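The values are calculated or read from the model by the stated rules, or taken from the named source; none is laboratory data. Values in this document were obtained by computation on a predicted structure and should not be read as measured data. Cβ placement follows ideal geometry from the backbone for every residue including glycine, while neighbour counts extend to all protein chains displayed.
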Amino acid sequence: MKTKILKTELEYNKACERVYRLINSTENAINQNSVEGEEIELLSLLIEKYEQEHHQMEAPDPIEAIRFRMEQMNLRQADIAPLLGGKTRVSEVLNGKRALTLKMIILLNRYLGIPLESLVSGNKEIKLETEKMEKLLGVSSIREYLKGRRITTI
């Protein structure tokens, strides 16, 4: 396969297939400095770049992220009560009746390893007023950063 920047879904799929074939072509580990090892590394970088540009995944809902981590770590609500301020507060948070506070977010990240983005990105209730959004978009660097993102206002 000729190695080049991946621009189409077809090229992306072919690169993924090639990496899969290389990895499964031998029972022995592929030496990182071999021709195959370098090809896998290069294709992996190209695949990652394509995925970042074309297959962006949104962070999960914060409550789902917490529940998922609890399941992974075999935790009960009572186990995470110290992080959220008590058993009642855990129940309120997990049932969507109480929003996460900054302190809760920091503690969940620090002690359970839940990514910060997963804990904050799901809050769809926080929106910027139209006037303030227009002011922000007047700054070219911010406008460029936000290009292509779904931004909502009230």
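Condition (residue is closer than 30 Å to P115 by Cα, free of Cβ contacts under 8 Å to residues at least 12 places away in the same chain, among the hydroxyl-bearing types (S, T, Y) and out of contact with any His (no Cβ under 6 Å at 6 or more places or on another chain)) applied to region 47-58: is it met by at least one residue? So far as region 47-58 goes, no, none of its residues is closer than 30 Å to P115 by Cα, free of Cβ contacts under 8 Å to residues at least 12 places away in the same chain, among the hydroxyl-bearing types (S, T, Y) and out of contact with any His (no Cβ under 6 Å at 6 or more places or on another chain).
Filtering region 47-95 to residues that are more than 18 Å from N109 (Cβ to Cβ), over 19 Å from the mean Cα position of the chain (by Cα) and in a helix (DSSP H, G or I) leaves Q77, A78, K87, T88, S91, E92.
Screening the candidates E41, E9, E17, E92 for the property of being touching a His at 6+ places or on another chain (Cβ under 9 Å), at pLDDT 90 or above and not aliphatic (A, V, I, L, M) yields one hit, E9. Taking first residues from region 2-28 that are of a type in the set (F, W, Y) and partners that are buried (at least 16 other Cβ atoms within 10 Å of the Cβ) and assigned to a helix (DSSP H, G or I), the Cβ contacts under 6 Å between residues at least 6 apart in sequence or on separate chains come to Y12/Y50.
Considering region 20-34, the residues that are surrounded by 10 or more Cβ atoms within 10 Å (Cβ to Cβ) and β-branched (V, I, T) include one that is modelled with the lowest pLDDT, namely I30. Looking only at residues in region 128-154 that are of a type outside the set (D, E, K, R) and over 28 Å from Q52 (Cβ atoms), the one that is modelled with the lowest pLDDT is I154. Scanning region 9-46 for residues that are assigned to a loop (DSSP other than H, G, I, E, B), in contact with a helix residue (DSSP H, G or I) (Cβ under 9 Å, 6 or more places away or on another chain) and of a type outside the set (A, V, I, L, M, F, W, C) gives S25, T26, N31, Q32. Remark: L94 matches the filter, which requires a residue to be out of contact with any Ser or Thr (no Cβ under 9 Å at 6 or more places or on another chain), without any contact (Cβ under 8 Å) to a residue 40 or more places away in the chain and surrounded by 15 or more Cβ atoms within 10 Å (Cβ to Cβ).
Under the condition of being of a type in the set (K, R) and either at pLDDT 85 or above or on the phi > 0 side of the Ramachandran plot (or both), the residues counted in region 101-127 number 2. For region 39-60, the tally of residues that are acidic (D, E) and under 17 Å from E17 (Cβ atoms) stands at 4.
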